[in-house]
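Working notes, beginning with the structure itself.
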Amino acid sequence: MNKNSKNNTNIKLALFVVLITFITSTGYGQNNASEKVLFKVNIAEDATPYVLARILQAEVSPISEIKFEKGTYHFYPDLGLEKFVHISNHNDVIVKTAFPLDGFKNLTIDGQGSSFIFHGRMIPFLIDNATNITIKNVSVDWAQSFHSEATVVANNNEEHTFDIQISNEYPYEIRDNQLIFIKEYYEHDFGQAILYDPVRKAISFNTEAYTSLALYKKVDVSRNIDKIKYKYPTDRQDPDKRIISRESYMVFKEITPGVVRIYNHKKKLPEVGKIIVSKGEQQHNRLAPAFRVSNTIGFNATNVNVHHAGGMGLIAENSENLILDGFNVTPSNGRMVSTSADATHFVGCRGQVVLKNCTFSNQLDDATNVHGTYQIVQDVKDEYTLGIRMGHFQQQGFVIGRTNDKIGFLRLTNSFFPFAENSIKSIKKINSRYQIITFNQKLPADLKVGDLIENLDAYPELTVENCTIKNNRARGLLISTPRKTVIKNNFFSTEMEGILIPVESGNWYESGSARDLLITGNTFQDCQHSGFNRGVIRFDTDDDNKNTAFKNIRIENNVFNQFDNLILQVKNVDGLLFTKNTITNSGTFPQLHADNPAIRIEHSKNIQFKKNTYKGKASTILEADDSAGKLKFK
């Protein structure tokens with residue numbers, strides 16, 4: 001027996017002993033009835049091997065409930081189950097987990113008020129092919145965050161440099177004049193960065209004037225790159241493509257221990273006292289969401305707090321009936337930031353998605369994003385069969401549907417709605433980016449390479465009610481579902497749009513468009529304070545044409561208390577009623593775009609305004625092109 005074999009045998013023996021000891025000490029033996037498992041705080045130093053061992057035995061000894069004695073439990077990756085996973089809107093990664101809930105049915109995990117502290121590149125809850133899973137009464141956090149924070153302590157206008165003070169919480173080193181933050185099991189460069197206001201504990205006002213940082217410049221020497229030809233379309237955002245023809249531009253030098261000076265910044269110098277937050281390069285900084293739910297029917301999260309994650313708080317894919325009640329994403333330990341990406345995100349889901357009584361604050365992206373996927377026709381195999389490819393590298397591996405799902409064929413230059421429909425007979429995955437779909441009926445005769453497909457069945461009804469969304473980077477809600485959507489009694493204070501209703505076809509390839517949307521009883525407080533010239537509620541499409549994309553919109557009984565003018569930006573809409581809303585000027589910040597109207601309308605029709613109250617500062621309330629006909633704000 002060689003040395004590696006001996007080591008593997010010893011590890012297996014050790015885990016077996018741990019498992020037998022656990023079962024014996026807790027009194028849970030092997031039987032056919034589902035058991036209720038209780039973990040006590042004596043495993044808290046590293047709970048991973050104990051929890052994992054029991055979960056891996058569930059096939060022969062089923063579990064109906066896992067409870068934790070209230071306490072603080074640490075989870076380390078070293079003894080976790082290793083898996084390679086494709087995760088939508090994240091990097092494709094090899095990660096470790098203590099909760100591989102694959103194929104589980106009717107399982108409840110109750111933390112009873114416990115805190116779970118994770119270390120390094122772990123996905124706390126990896127849920128796949130499951131039914132009726134409930135997680136409740138638990139907080140999820142990381143011992144060391146996947147982002148880093150530093151305080152601006154000086155700036156020099158003559159040399160156009162600024163200094164940052166880095167606390168001991170964020171170990172770092174400087175390599176080749178680049179600042180690298182070192183974590184447990186992970187590191188990141190300066191990468192994406194944004195300013196926070198430590199007084200408001202929110203994204204700084206007008207941060208777009210100061211960030212992001214220009215980390216790269218075009219290389220001085222580049223020969224014959226244009227001679228490299230690709231037979232098939234490529235994604236220029238792929239990590240291996242994005243680095244071509246660019247090199248580091250910014251220079252980082254330590255002035256005194258803990259103080260680093262930053263050179264070659266292109267925008268305005270950040271103000272002294274502000275917190276600059278860094279999370280590394282976009283292509284590498286989404287690798288550890290707190291919850292990954294896929295191919296699951298029935299998921300409930302109740303009284304769950306996510307204080308941090310190296311990605312999203314929850315990413316759900318191809319799942320059905322998801323209810324988050326008191327699912328809160330908030331920072332801990334004095335950090336400015338909670339999750340490093342969206343608080344929640346739903347791709348290709350169906351049934352009901354409900355977010356109620358939630359707080360989403362200080363995350364570095366949206367509160368939620370609900371959409372399907374556009375996939376691109378790569379080739380037409382025969383009358384029934386297509387080769388399709390994923391457009392964005394962070395959607396690799398995503399399967400667009402299942403047998404008999406209804407598929408729409410689109411050419412967005414002509415219409416945002418399908419020109420033909422069909423249904424899936426089978427899907428064969430060739431690689432992470434290319435799949436072959438066979439359909440039940442013949443393909444449209446005029447289908448072309450480059451057209452898009454979307455799954456018309458894989459959209460949920462959406463309810464967002466009694467939620468607080470504030471102090472985060474980016475938007476509040478991104479809504480791209482044609483099913484009934486109700487956004488009710490929420491509070492928004494975001495650095496970009498409170499609500500964005502898009503058709504996103506050219507970058508992320510996120511499909512769907514709102515066609516039955518009610519926005520009612522909400523308060524919008526000082527949204528769009530980062531500096532972008534956009535509406536608080538905005539309808540927009542990537543494809544600049546006059547075609548209708550959105551239908552049947554009601555915006556009623558909301559309060560807009562804004563420092564700036566532009567409240568509503570409407571584009572490509574057929575049928576919108578804006579009624580009983582109150583618009584006031586907060587005076588919180590100076591206006592950034594004082595020439596804007598309160599409402600701007602393009603390429604839209606059947607728009608109505610009734611019984612609204614305007615007390616803002618815009619000299620022009622309503623600005624519309626000829627498509628809307630004669631309109632009057634009232």
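Values quoted throughout were computed directly from the atomic coordinates according to the rules given, and no laboratory measurement underlies them. As the structure is a prediction and not an experimental result, all values here were calculated from the model. All Cβ positions, glycine included, derive from the backbone under ideal geometry; neighbour counts span all protein chains shown.
Here the spin labels are modelled as points 7 Å beyond Cα on the Cα-Cβ line, and at Asp626 and Glu82 they lie 6.6 nm apart. Sequentially through region 513-518, phi angles give Karplus couplings (6.51, -1.76, 1.60; θ = phi - 60°) of 8, 6, 9, 7, 10, 10 Hz, Gly and Pro residues having no value and appearing as x.
Note: region 373-451, Cα convex hull, 83 Å³ per residue.
Only DSSP H runs of four or more residues enter the estimate; each adds -39500 (n - 2.57), and after division by the residues of the chain the mean residue ellipticity at 222 nm equals -2000 deg cm²/dmol.
Packing, as the average of other Cβ atoms within 10 Å across residues, places the peptides 227-236, 525-534, 164-173 in the order 525-534, 164-173, 227-236, highest first. Convex hull volume per residue, computed on the Cα atoms of region 305-379, equals 90 Å³. Each DSSP beta bridge with both residues in the chain is either parallel or antiparallel, and the antiparallel ones are about 35%. Dipole check for the chain: with +1 at the C-beta of Lys and Arg, -1 at the C-beta of Asp and Glu, and the Cα centre as origin, the magnitude is about 800 Debye. Taking the convex hull of the alpha carbon positions in region 148-284 and averaging its projected area over all directions gives 10.5 nm².
Cβ crowding within 10 Å ranks Ile87, Ile174 as Ile174, Ile87, fewest other Cβ atoms first. Sites listed here are chymotrypsin sites (Phe, Trp or Tyr not before Pro) in region 174-227 whose DSSP assignment is loop and whose Cβ has at most 15 other Cβ atoms within 10 Å: Tyr185. Take Ser432, project a point 7 Å from its Cα along the Cβ direction, then tell me which residues of region 45-87 have their backbone nitrogen under 13 Å from it. So the set is 84-87.
Over 20 Å apart at the Cα level, from the set Lys610/Lys630; Lys356/Lys488; Lys448/Lys605, are Lys448/Lys605.
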